[in-house]
1. Which one of the conditions (1) without any contact (Cβ under 8 Å) to a residue 24 or more places away in the chain; (2) surrounded by 10 or more Cβ atoms within 10 Å (Cβ to Cβ); (3) in contact with a strand residue (DSSP E or B) (Cβ under 7 Å, 6 or more places away or on another chain) does residue 22 fail to meet, given that it meets all the rest?
2. So which pairs qualify, if the first residue must be in region 28-42 and of a type in the set (Lys, Arg), the second must be modelled with pLDDT of 95 or more, the Cβ gap must be under 6 Å, and the two must be at least 6 apart or on different chains?
3. Just a yes or no: is a residue in region 5-12 surrounded by fewer than 10 Cβ atoms within 10 Å (Cβ to Cβ), touching a strand residue (DSSP E or B) at 6+ places or on another chain (Cβ under 9 Å) and not aliphatic (A, V, I, L, M)?
4. What do you reckon, is residue 17 at pLDDT 95 or above and either surrounded by 10 or more Cβ atoms within 10 Å (Cβ to Cβ) or in a strand (DSSP E or B) (or both)?
5. Based on this model, can you work out whether residue 43 counts as loosely packed, with under 10 Cβ neighbours inside 10 Å and either among the hydroxyl-bearing types (Ser, Thr, Tyr) or in a strand (DSSP E or B) (or both)?
6. Can you pull out every residue in region 30-47 that is within 23 Å of residue 3 (Cβ to Cβ) and not charged (D, E, K, R)?
7. Which one of the conditions (1) more than 14 Å from the chain's Cα centre (by Cα); (2) part of a strand (DSSP E or B) does residue 67 fail to meet, given that it meets all the rest?
8. For region 27-47, does any single residue satisfy the condition of being at pLDDT 95 or above and on the phi > 0 side of the Ramachandran plot?
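The values are calculated or read from the model by the stated rules, or taken from the named source; none is laboratory data. Since the model is a prediction, treat every value here as computed from it, not as a measurement. Glycine gets a Cβ as well: all are built from the backbone with ideal geometry, and neighbour counts include every protein chain shown.
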Amino acid sequence: MTVAELMQELESLDPTLEVHIAYNYGDYWRTTVAPAVREVEETMVIHSDYHSMDKIAGDDDFIDESEREETGARIVVVIK
């Protein structure tokens, strides 16, 4: 989903509603929890073969602009 698509989805909603993020807590009951959003930021992600999905690039993953295309790293919007 792009920022434009997210904005379009949010446009029709009541602007006074709180925003939460849903995810599986990973407990025995597979409970879906929904904590409130604390921040929205741009950050760099890279693909993690171990997780089979993107992960936030950490200090050990420093990638400068010239290496982004080669590594597949990119800047995305993260909602926490």
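1. Condition not satisfied by residue 22: (2).
2. Taking only residues 6 or more apart or on different chains, the pairs are 30/24.
3. Within region 5-12, not a single residue is surrounded by fewer than 10 Cβ atoms within 10 Å (Cβ to Cβ), touching a strand residue (DSSP E or B) at 6+ places or on another chain (Cβ under 9 Å) and not aliphatic (A, V, I, L, M).
4. Details: at pLDDT 95 or above: yes; either surrounded by 10 or more Cβ atoms within 10 Å (Cβ to Cβ) or in a strand (DSSP E or B) (or both): no.
In short, no.
5. no
6. Kept after step one, since they are within 23 Å of residue 3 (Cβ to Cβ), are these residues of region 30-47: 34-47.
34, 35, 36, 37, 40, 43, 44, 45, 46, 47 - these are the residues of region 30-47 that are within 23 Å of residue 3 (Cβ to Cβ) and not charged (D, E, K, R).
7. (2)
8. Yes, there is a match, as at least one residue in region 27-47 is at pLDDT 95 or above and on the phi > 0 side of the Ramachandran plot.
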